[in-house]
Amino acid sequence: MSIRPILLHPDPRLKKVAEPVGAVSNEIRVLAEDMLETMYDAPGIGLAAPQVGVGRRVLVMDCVKDEDAPPRPMVLVDPEIVWTSAETNVYEEGCLSIPEQYADVERPAEVEVRWTSLEGAEQSERFDGLWATCVQHEIDHLNGKLFIDHLTTLKRQLITRKAVKRKRELARA
Ligand code: NI
């Protein structure tokens, strides 16, 4: 397993629609393990393959907040939202590709997602709370969409300007 570098916004690779995986290969299993390690190391609660520069439909997440509770690392291959609740929730979201920037985003409060496991099995689950927000945020990444794309143009430009400045500073360091 290894930690992979996380792409920072703005980056054209974060704006591309990721390709379906289909049959799960060993390469995808290694990618998923690396993504989990990268996510826990960051630390973060979700990570999508495009964020490590791989344009495939794979995401990982673990939204267990209680430090005494066992972790629940999840890997979703080719995830698809098959149902969304009419009720919505607002969470303050952040993103490992846009460090230190946070904003409220409104999304469906509950979603049912269908995906393929690393063992190639069809799975589905209904997510709520933080899990629902996280899985929608990560599926957005697979569609080339960032949480700031849910904000007003003004807010998005403000965050993007800060991100550009931060990237420039990092490049110089
Ligand atoms: Ni993100």
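The values are calculated or read from the model by the stated rules, or taken from the named source; none is laboratory data. If you're wondering where the values come from, they're calculated on a predicted model, not measured in any experiment. Counting neighbours? That spans all protein chains shown, and the Cβs are built from the backbone with ideal geometry, glycine included. The protein model used for the area step is the full one, side chains on, heavy atoms only, and it has no ligands, DNA or RNA in it. Shrake-Rupley method; radii C 1.70, N 1.55, O 1.52, S 1.80 Å.
Residue check: is Asp104 under 23 Å from Ile148 (Cα atoms) and within 16 Å of the ligand (Cβ to nearest atom)? Answer is yes for this residue.
Within segment 151-159, identify whether any single residue is within 16 Å of the ligand (Cβ to nearest atom), touching a strand residue (DSSP E or B) at 6+ places or on another chain (Cβ under 9 Å) and either assigned to a loop (DSSP other than H, G, I, E, B) or open to solvent by less than 30 Å² (accessible area, probe 1.4 Å) (or both), and answer yes or no. Within segment 151-159, one or more residues are within 16 Å of the ligand (Cβ to nearest atom), touching a strand residue (DSSP E or B) at 6+ places or on another chain (Cβ under 9 Å) and either assigned to a loop (DSSP other than H, G, I, E, B) or open to solvent by less than 30 Å² (accessible area, probe 1.4 Å) (or both). Residues that are surrounded by 14 or more Cβ atoms within 10 Å (Cβ to Cβ) and away from the ligand (no atom under 14 Å from the Cβ) within segment 8-53 comprise Val21, Val24, Ile28, Arg29, Leu31, Ala32, Glu33, Asp34, Leu36, Glu37, Tyr40, listed in sequence order.
Restricting the search to strands (runs of 3 or more DSSP E) fully inside segment 62-119 and requiring at least 1 residues that are closer than 30 Å to Arg166 by Cβ and open to solvent by 60 Å² or more (accessible area, probe 1.4 Å) gives 88-95, 98-108. Just one residue in the set Ile148, Ile139 is open to solvent by 10 Å² or more (accessible area, probe 1.4 Å), within 13 Å of the ligand (Cβ to nearest atom) and among the β-branched types (Val, Ile, Thr); that residue is Ile139.
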